[in-house]
Amino acid sequence: MGADLTQWLEQHPQVLVVLPDEPNGDWRAQAGYGWIFKAWFGSWRQSWAAREAIREAGWDARYWGRKLRVTVTDGYDGEKLTEFVLGRYPSARRIQLRCD
């Protein structure tokens, strides 16, 4: 993994980034079938509140109990959404950014 991704993941230990291949250059610019953001919260209430905040910020969040799913345009958008969620909900249990 690139140094920038390793450093970012060290700063965000509850985040997992899944890429189709070893990054060649900036990990956020990886291409594939699409990027997906998933976040797990400790309660349904917190998940619901996070979904509303994410929607107000312009992303289309889908609610599945304590898990939210958002289709993001690319890794840059995913990183921005991750920072947004962790800034408001630092107790989020786990976040996955996935490029398939």
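Laboratory data are not the source of any read-out in this text; all were calculated from the coordinates shown. Since the model is a prediction, treat every value here as computed from it, not as a measurement. Glycine gets a Cβ as well: all are built from the backbone with ideal geometry, and neighbour counts include every protein chain shown.
Kindly indicate the residue of the range 26-47 that is under 14 Å from the mean Cα position of the chain (by Cα) and closer than 8 Å to residue 74 by Cα and also surrounded by the most Cβ atoms within 10 Å (Cβ to Cβ) among those meeting that condition. Top of the filtered list is 35. Between 92, 39, the distinction of being at negative phi, assigned to a strand (DSSP E or B) and small (Gly, Ala, Ser) belongs to 39 only. Without any contact (Cβ under 8 Å) to a residue 24 or more places away in the chain, farther than 11 Å from residue 99 by Cα, touching a strand residue (DSSP E or B) at 6+ places or on another chain (Cβ under 8 Å) and basic (Lys, Arg) - does that describe any residue in the range 34-55? So far as the range 34-55 goes, yes, one or more of its residues are without any contact (Cβ under 8 Å) to a residue 24 or more places away in the chain, farther than 11 Å from residue 99 by Cα, touching a strand residue (DSSP E or B) at 6+ places or on another chain (Cβ under 8 Å) and basic (Lys, Arg).
Filtered by the rule that a residue be surrounded by 11 or more Cβ atoms within 10 Å (Cβ to Cβ), in a loop (DSSP other than H, G, I, E, B) and not polar (S, T, N, Q), the range 5-22 gives 12, 19, 20.
The number of residues in the range 62-84 that are surrounded by fewer than 20 Cβ atoms within 10 Å (Cβ to Cβ) and under 22 Å from residue 44 (Cα atoms) comes to 10.
For residue 25, state whether it is assigned to a loop (DSSP other than H, G, I, E, B) and closer than 25 Å to residue 4 by Cα. So residue 25 passes the test.
Just to be sure before I move on: is residue 100 in contact (Cβ under 8 Å) with a residue 60 or more places away in the chain and over 15 Å from residue 14 (Cβ atoms) in the structure I sent?
On the way: in contact (Cβ under 8 Å) with a residue 60 or more places away in the chain: yes; over 15 Å from residue 14 (Cβ atoms): yes.
Taking the combined requirement at face value, the residue satisfies it.
Scanning the range 67-89 for residues that are assigned to a loop (DSSP other than H, G, I, E, B) and under 17 Å from residue 36 (Cβ atoms) yields 73, 74.
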